[in-house]
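What follows is a set of notes on a single structure, which appears directly below.
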Amino acid sequence: MSRIDAPAASRMQTIARNPVMLALVMTLAVAGCASKKNLPNDAAGLGLGAGAATPGSQQDFTVNVGDRIFFDTDSSSIRADAQATLARQAQWLAKYPNYAITIEGHADERGTREYNLALGARRAAATREFLAGQGVPANRMRTISYGKEKPVAVCDDISCWSQNRRAVTVLGGAGS
Amino acid sequence: MLRRNFLRLVTLMFAGALFAAPANAVVEIDINKGNVEPLPIAVTDFLQGELAQKISDVVAADLKRSGLFAPIDKGAFIEKIANPDAAPRFEDWKVINAQALVIGRVTQEGDGRLKAEFRLWDTFAGQQMLGQQFYTQPENWRRVAHIIADAIYERITGEKGYFDTRIVYVAESGPKNARKRQLAIMDQDGFNARALTNSNDIVLTPRFSPNRQEITYMSFENQQPRVYLLQLETGQREVVGNFPGMTFAPRFSPDGQRVIMSLQQEGNANIYTMDLRSRTTTRLTNTNAIDTSPSYSPDGARVVFESDRGGKQQLYVMGADGSGQTRISFGDGSYSTPVWSPRGDLIAFTKQSGGKFSIGVMKPDGSGERILTTGFHNEGPTWAPNGRVLMFFRQNAGAGGPQLYSIDLTGYNEQQIQTQGFASDPAWSPLME
């Protein structure tokens, strides 16, 4: 067994050095304040013109491509609307090969904690499999599940739950 | 840290009688009856001073919260106890219908230790039921009170108490979409709460080892969701095993030698154990489903878990080696988070049906399902060590976060446990031996 002794401070430094991570955090924060239902996968939700994003930037990916897809309750099937989004993601990633990605799988809160961790992982895996089928190399992709622990929409009805059943493609630094 | 031998228990004798013989006692509670009428009990202020009174207040609060006792308002007391060594005036207590009477005294020894003594009287039989004294450090005064309450509970109900126990849980703070989570520990009545972790990593599902010295839990440290061990006394943490993916849903085996958990690989979760001494891992399930939330039977021979192998989440029981996997839940809806009772007779679970989340129990063969509480969201039961009380977390619609609740096995006596902020994932400790 390995001993853990990494101090929390080093994590903060890692985040501070990584502008992509910071940008993502800020994007989510803006969405959370503006509305509890709209998510930053369209330009209107952010109050940004589509043309504002620099091609190849994080903002370009989030605003013009769409960084997330949604799932039906208890399902990890990639819906038709999600297939279109993932196809755009694959094209964009082919055009900008320096990015590695982390696919985050999430669940809504209408399930128990441990099952939702597995369900989020299942959604992330299905998303990765679809992107691989679209030609994204496996060594550029990693997955993580957050279960129901990181909702973006916080109301207690279906309008929020449907927004939280998602897989989010997060751009990392230079790909390996 | 509290050590096992910090208390010395001495049986107090009164008038030559050690204990009243159980056959002579008229004061008893049959807690198998369901909604029992609470037993009227008079808990007098222990003599002498503020700390003594605080100890008797905690004793009364424990007994009251159990739902089995009704402490009588002190304003109604007729006799003022001046000498705890003398027999009380039983008539004075019978007339206010105090069927049991608790009298005590707390003094400080020359070496600074506290000496706490109490006697439990059966007022209608006119007999002492119990007399004990304890020595401890003054900072352990709440523990002494809980131990006295346990002794009274056990003497009158015939069941082990659960007041000298702790809860490990997840303390939640901040908005729902940026929640901070810390492992925390507190006494079962919500006092003496303290954080065990302080980082921005998500931490989930803490559970006690059988000797109460370790916690196994899940953490997202370094963006690597894994099962960890935490030594309570030293704060030392370790990853459990070297698995190629997310590990989650950990629990100890009853002998404390293994951790059972799920390993996620691609879309599937299967159940594994890791032996903490040899570090060997054993795979127990092998399906293309989500197999998780494993919990051992108290004899260690069987494991209950949840699986969606049949479509929805349902409960299954298997041998501890993975043999004979058998579905036991067949009601409407889905079943998850099974936890085997410390008595072995029941399995508690979360049930989702009709848009509601319930806490319920069933026998290990799946028969006798009973729902204890239903609402917008109830999840994650944990058993008190005597198998009579369950704790779980509840989030009401619009509440913003979860809170901890306890409920009797009978479905009565639901109580909120006061925590500083939101709280979830409670796990009850075993009793200290």
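Each reported figure results from applying straightforward, stated rules to the coordinates on display, with no laboratory input. All values reported here derive from a predicted model rather than from experimental measurement. A quick note on method: Cβ atoms are made from the backbone with ideal geometry, for glycine too, and the neighbour counts reach across all protein chains shown.
Under the simplified labelling scheme, the B:T280-B:D321 pair shows an inter-label distance of 1.2 nm, with each label point 7 Å from Cα along Cα→Cβ. Packing here is the average count of other Cβ atoms within 10 Å per residue, and on that basis the peptides A:86-96, B:123-133, B:53-63, B:108-118, highest first, run B:53-63, B:123-133, A:86-96, B:108-118.
Under conditions of 10 °C and 1.306 mPa s, region A:72-120 yields 124 µm² s⁻¹ as its translational diffusion coefficient, taking Rh as the Kirkwood radius over Cα pairs in the Stokes-Einstein equation.
Distance from the C-alpha centroid of region B:354-433 to that of region A:113-176: 30 Å, rounded to the whole angstrom.
Full extension of the chain between B:K363 and B:Y135 yields a length gain of 77.9 nm, computed as 0.36 nm times the residue separation minus the alpha carbon distance.
Ranked by the mean number of other Cβ atoms within 10 Å of their residues, highest first, the peptides A:122-131, B:250-259 fall in the order A:122-131, B:250-259. Given R₀ = 41 Å, FRET efficiency for B:T234-A:D72 by Cβ-Cβ distance, to 0.05? Efficiency computed from Cβ-Cβ geometry: 0.30.
Can you give the calculated 222 nm mean residue ellipticity of the protein assembly as shown, where each DSSP H run of n ≥ 4 adds -39,500 (n - 2.57) and the sum is split over every residue, rounded to the nearest 500 deg cm²/dmol?
My calculation for the protein assembly as shown gives -6000 deg cm²/dmol from helical runs alone.
When the scattering of region B:247-333 is computed by the Debye formula from its Cα atoms alone, each counted once and equally, what is log10 I(q)/I(0) at q = 0.17, 0.18, 0.19, 0.20 Å⁻¹? These q points yield log10 I(q)/I(0) values of -0.64, -0.71, -0.79, -0.87. Each of B:Q265 and A:N139 was given a label point 7 Å from its Cα along the Cα-to-Cβ line. The distance between the two points is 2.3 nm.
Pairs exceeding 26 Å between alpha-carbon atoms, taken from B:K312/B:K363; B:K160/B:K312; B:K64/B:K94: B:K160/B:K312.
Looking only at other chains, what is the average number of their beta-carbon atoms within 10 angstrom of each beta-carbon in B:219-230?
Values: counts 1, 5, 4, 5, 6, 1, 8, 1, 0, 2, 1, 1.
Going residue by residue through B:219-230 and averaging, the value is 3.
What is the set of long-range amide H partners of B:M246 at a cut-off below 5 Å, with H atoms built 1.01 Å from backbone N? Under 5 Å from the amide H of B:M246: B:Q264.
For B:N211 and B:D57, the difference between the fully extended length at 0.36 nm per residue and the C-alpha to C-alpha distance is 52.6 nm.
Note on the protein assembly as shown: Cα Rg divided by 2.2 N^0.38 Å, N the number of residues, gives 1.10.
Computed from Cα atoms alone, the Kirkwood hydrodynamic radius reported for chain B is 23.1 Å. With contacts taken as Cα pairs under 8 Å and at least 6 residues apart, chain B reaches a relative contact order of 10 percent. Mean partner shielding of peptide B:264-270, defined as the number of other chain Cβ atoms within 10 Å of each residue Cβ, is 6. In this label model, B:K74 and B:N192 are separated by 2.2 nm, measuring between points 7 Å along each Cα→Cβ vector.
When only C-alpha pairs under 8 Å and at least 6 residues apart count, what is the relative contact order of region B:333-421, in percent? After rounding, I find 19 percent. I'd like the FRET efficiency for B:F330 and B:Q48, computed as 1/(1 + (r/R0)^6) with the beta carbon distance as r and R0 of 56 Å, rounded to 0.05. The pair B:F330/B:Q48 has a calculated efficiency of 0.40. Could you work out how far the C-alpha centroid of region B:131-180 sits from that of region B:237-269, in angstrom? Here the answer is 29 Å between Cα centres.
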